1. So G77 fits all but one of (1) over 19 Å from E28 (Cα atoms); (2) within 15 Å of ligand 4 (Cβ to nearest atom); (3) surrounded by 15 or more Cβ atoms within 10 Å (Cβ to Cβ); what number is the exception?
2. Only residues that are surrounded by fewer than 16 Cβ atoms within 10 Å (Cβ to Cβ), at pLDDT below 95 and under 13 Å from the mean Cα position of the chain (by Cα): list them for the stretch 1-42, please.
3. Could you look through the stretch 118-137, keep only residues that are surrounded by fewer than 20 Cβ atoms within 10 Å (Cβ to Cβ) and within 17 Å of the chain's Cα centre (by Cα), and pick out the one that is nearest to L83 (Cα to Cα)?
4. For the stretch 97-117, does any single residue satisfy the condition of being farther than 27 Å from A58 by Cβ and more than 14 Å from the chain's Cα centre (by Cα)?
5. Has the stretch 92-104 got at least one residue that is within 16 Å of ligand 4 (Cβ to nearest atom), touching a strand residue (DSSP E or B) at 6+ places or on another chain (Cβ under 7 Å), aliphatic (A, V, I, L, M) and more than 30 Å from P193 (Cβ to Cβ)?
6. Please work out which one of (1) β-branched (V, I, T); (2) modelled with pLDDT under 95; (3) in contact with a strand residue (DSSP E or B) (Cβ under 7 Å, 6 or more places away or on another chain) is the condition V126 fails and give its number.
7. Looking at the stretch 65-95 only, could you name the residues that are charged (D, E, K, R) and outside any helix (DSSP H, G or I)?
8. Among residues belonging to the stretch 52-93 that are within 21 Å of N38 (Cα to Cα) and of a type in the set (V, I, T), point out the one that is nearest to ligand 2 (Cβ to nearest atom).
Amino acid sequence: MNKAITQLISISALFASVSTHAALIDFEGGMPGDIITNTTIDGATFSVTNQGNTGGDARELILFNSDCTQNVDCTGGDNDLALIGAGNILIISQDNNFNNPNDSFAGGDIAVDFGVNITQVSVVTVDVGDSRGLNDGDNFLAAFFQGSEVARFDILGGQGDNNVQTAFLSGLFDSVVLHLEGSGGLVSVNFAPVSLPA
Ligand SMILES: [Ca+2]
Ligand SMILES: [Ca+2]
Ligand SMILES: [Ca+2]
Ligand SMILES: [Ca+2]
């Protein structure tokens, strides 16, 4: 095999391995109540810390159906997570009742480990920084490179129930953490890999 073909193949392989990691994760691949803790979706692994427990077991990351009518029929009485059109969103379960998903009032840190270096991420949230007296920056999205924080986006406080916000970060990092002081849901994660060398 000549050198040009070898290079072409290796570039193609690199492109393929990189492009598989660019993704919009919207949690439509599962069902409400599915446990997402330590699950990998499109190359990104979701985990949670500092979320407390149900009185027994650690609170799990689960899916919640946000296509419910505000003030009427959301599971677990969580009408403040209604966001018509968003379908499944990710929450920290209050009580690990997977038949009646309900987000936790106690918050926690939802980590997304991309497994590769990325350059930008957008995280859409619902009901984060609601009317519970939280201030700007109490909730935030932080980016980490090899374990060190490199950037932070402060999510606004005092925005009311059902508010939707987008946290955006760019730079070079391999994981992000969504820090929640209280209740709220993660609607989507959109991330881009490092670009190929010219
Ligand atoms: Ca709630
Ligand atoms: Ca969704
Ligand atoms: Ca709740
Ligand atoms: Ca709320």
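1. Looking at each condition in turn, G77 falls short on (3).
2. D42
3. Step one: filter the stretch 118-137 for residues surrounded by fewer than 20 Cβ atoms within 10 Å (Cβ to Cβ), giving 119-120, 122, 131-133, 135-137.
Cutting the leftovers down to within 17 Å of the chain's Cα centre (by Cα) gives us 119-120, 122.
Numbers: T119: 28, Q120: 25, S122: 18 Å.
The selected residue is S122.
4. The first filter runs over the stretch 97-117 and keeps only residues farther than 27 Å from A58 by Cβ, leaving 116-117.
After this cut, where a residue has to be more than 14 Å from the chain's Cα centre (by Cα) as well, the list is 116-117.
Yes, some residue in the stretch 97-117 is farther than 27 Å from A58 by Cβ and more than 14 Å from the chain's Cα centre (by Cα).
5. The answer is no; no qualifying residue exists.
6. All conditions pass for V126, except number (2).
7. Taking the stretch 65-95 and keeping what is charged (D, E, K, R), we get 67, 73, 78, 80, 95.
Hits for the stretch 65-95 are D67, D73, D78, D95.
8. Going through the qualifying residues, I end up with I89.
The values are calculated or read from the model by the stated rules, or taken from the named source; none is laboratory data. As the structure is a computational prediction, the values presented were derived from the model and not from experiment. Cβ: placed from backbone, ideal geometry, glycine included. Neighbour counts: every protein chain shown.
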